Every structure is written in structure tokens, then in C-alpha cells.
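What follows is calculated from the coordinates using simple rules that are stated; it is not laboratory data. Note that the coordinates shown come from a computational prediction; the quantities given were computed from them, not determined experimentally. Note that we place each Cβ from the backbone using ideal geometry, even for glycine, and neighbour counts take in every protein chain shown.
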Amino acid sequence: MPYVNIQITRGATREQKSRLVRDVTESLVRVLGKKPEHTHVVIQEIAEEDWGFSGLLTDDWKKAASRNEPG
């Protein structure tokens, strides 16, 4: 029974999440021969203030990146 956990920052639409679940399930069927009815996909949305990379919280990184955009 495949279990897939997808963690993303908040903001995806219901349609985007539905497409992720469908595409991941189809990949497991195609590549590994898994049964779709046995495949579980969980999407966890994480607040940008709770996700960090490059030494910064995501919301701080986005603020810094927007200050550095030309224009």
C-alpha cells in the first residue's frame, strides 16, 4: 500500500491539489504497477512562517527577494 506525503506551502487551489493526487497516483500505477485503490496521497500545507530554507523562513526569503527584484 503506497503512502505518499506531499508537503507544500499554503496557497494551492483545490484543483491543483486534485491534480497532484491524480498525477502521483497515475505515476505509481505506471512505474511500479501499484493499484490506485491502494494508494494514499496526503497533502500537508505548511505556513510560510513555518518553512525555512537558505537560512531564512520562507516569508522572510520572499520579502528579501521582492526587494531585490529589478524595477
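For the chain, the Cα-based Rg and Dmax, in that order, read 16.4, 51 Å.
Considering only Pro70, Val29, Tyr3, the residue lying farthest towards the positive end of the dipole of the chain is Val29, judged by Cα position with unit charges set on Cβ.
Report the net charge of residues surrounding Glu48, where surrounding means a beta-carbon distance below 12 angstrom and charges are Lys +1, Arg +1, Asp -1, Glu -1.
On the way: positive: Arg10, Lys62, Lys63; negative: Glu45, Glu49, Asp50, Asp59, Asp60.
Net of charged neighbours comes to -2.
Here the range 1-21 is scanned for amide nitrogen atoms under 17 Å from the site 7 Å beyond the Cα of His40 along Cα-to-Cβ, giving 1-7, 21.
Looking at the chain only, what percent of DSSP beta bridges run antiparallel? Nearest 5 please.
Working: 2 of 9 bridges.
Antiparallel bridges: around 20 percent, rounded to the nearest 5.
Check cross-link reach from Lys17 to the aspartates and glutamates: straight Cα distance under 12 Å, and skip same-chain residues fewer than eight apart. Filter leaves Glu45.
Summing Lys and Arg as +1 and Asp and Glu as -1 over all other residues whose Cβ lies under 9 Å from the Cβ of Thr58 gives a net charge of -4.
Net charge near Gln16, counting Lys/Arg +1 and Asp/Glu -1 over other residues with Cβ under 14 Å of its Cβ? It would help to have the intermediate numbers written out before the result.
Details: positive: Arg10, Arg14, Lys17, Arg19, Arg22; negative: Glu15, Asp23, Glu45.
So the environment of Gln16 carries a net charge of +2.
Each of Val31 and Arg67 was given a label point 7 Å from its Cα along the Cα-to-Cβ line. The distance between the two points is 3.9 nm.
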